[in-house]
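The values are calculated or read from the model by the stated rules, or taken from the named source; none is laboratory data. Note that the coordinates shown come from a computational prediction; the quantities given were computed from them, not determined experimentally. Heads up, the Cβs are rebuilt from the backbone with ideal geometry, glycines too, and the neighbour counts pull from every protein chain shown.
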Amino acid sequence: MLSLSPRLMTAASMINPCRKTVDIGTDHAFLPAFLVLNSKTEKVLACDIGIQPLENARKTVNQYSLQEKIELRVSDGLKSVSPVEAQEISICGMGGTLMAQILSDAPWIKSEDIHLVLQPMTHCEDVRRFLCENGFVIDREECVADNRHLYCCISAYWKNEQSVCEEGYFYFGELLSQDGLSREFVERQYNRIKKRRDALAGSGRELEEAQRLSEVIDYYERKQNSLH
Ligand SMILES: C[S@@+](CC[C@H](N)C(=O)[O-])C[C@H]1O[C@@H](n2cnc3c(N)ncnc32)[C@H](O)[C@@H]1O
């Protein structure tokens, strides 16, 4: 039976049971294969921008005889996907900045019928910024340890919610109020930001950036105080 890495397992656990999932940046199609083998989704459209990753995906599809359940397609983000093909959309294992761009290029995902599962490897703040500024609600976040790294995984849906977007929220999201690995992830993030802000403040350069990071630090400290 196919087993997933802890990172992809966390993403799989956030996918709602459904008829059709779209997986963007699928590479080996491990997540799509797991979803159909475990009857979490009937069919998956597994997309990648690269030919070689789709060849990797084809091997997995053939290995588990999933040709009827998983369709492979070359697509730059969601550009070659039609809205009727998606209920759940997963994007895992790429940088948060690229992920935000992919989401922004597909305005049709602003639909109450679509649920997003996003697992950025870096720059989670860019993903949360996109979501918050575009009427999405983050309903769940989890932190997972994989291969000596910590990753966050975000579940979100569109609600046309005009929320107050604070810079600090983009960096810590829903993880700030959680314990365990989330706490560790948040503390590491906070220490990194503080170090960078202090370095900038000491050098007298990039004052705007130093000010922005100070806002993030204030947000963290304010939330910490209100939690304790
Ligand atoms: C590191 S792999 C992640 C594979 C799998 N999703 C995972 O999380 O383990 C990233 C994949 O994203 C694909 N990719 C990068 N940019 C993309 C884009 N704009 N649209 C679709 N796929 C993209 C790459 O070709 C690569 O196969």
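Return yes when residue 11 is assigned to a helix (DSSP H, G or I) and away from the ligand (no atom under 11 Å from the Cβ) and no when it is not. So residue 11 fails the test. The set of residues from the stretch 115-164 being surrounded by fewer than 22 Cβ atoms within 10 Å (Cβ to Cβ) and among the charged types (D, E, K, R) comprises 126, 129, 133, 139, 140, 142, 146, 148, 159, 161. Among residues of the stretch 98-127 that are assigned by TED's automatic domain parsing to the domain that holds residue 77 and among the charged types (D, E, K, R), those with a Cβ under 6 angstrom from a residue that is in a loop (DSSP other than H, G, I, E, B) and within 16 Å of the ligand (Cβ to nearest atom), sequence gap 6+ or separate chain, pair up as 105/77. Of all residue pairs spaced 6 or more apart or on separate chains, those with beta-carbon atoms under 9 Å, a first member in the stretch 8-31 that is over 11 Å from residue 46 (Cα atoms) and a second member that is within 7 Å of the ligand (Cβ to nearest atom) and aromatic (Phe, Trp, Tyr) are 8/30. Of all residues in the stretch 56-81, those satisfying the criterion of being closer than 26 Å to residue 109 by Cα and more than 16 Å from the ligand (Cβ to nearest atom) are 68, 69. When residue 78 is tested against (1) under 19 Å from the mean Cα position of the chain (by Cα); (2) exposed (fewer than 15 other Cβ atoms within 10 Å of the Cβ), exactly one condition is not met: (2). Just so you know, in the stretch 81-114 the residues that are assigned to a loop (DSSP other than H, G, I, E, B) and of a type in the set (Asp, Glu) include one that is surrounded by the fewest Cβ atoms within 10 Å (Cβ to Cβ), and it is 112. For residues that are crowded, with 21+ Cβ neighbours inside 10 Å and not aromatic (Phe, Trp, Tyr), scanning just the stretch 176-188, find the one that is modelled with the lowest pLDDT. That would be 176.
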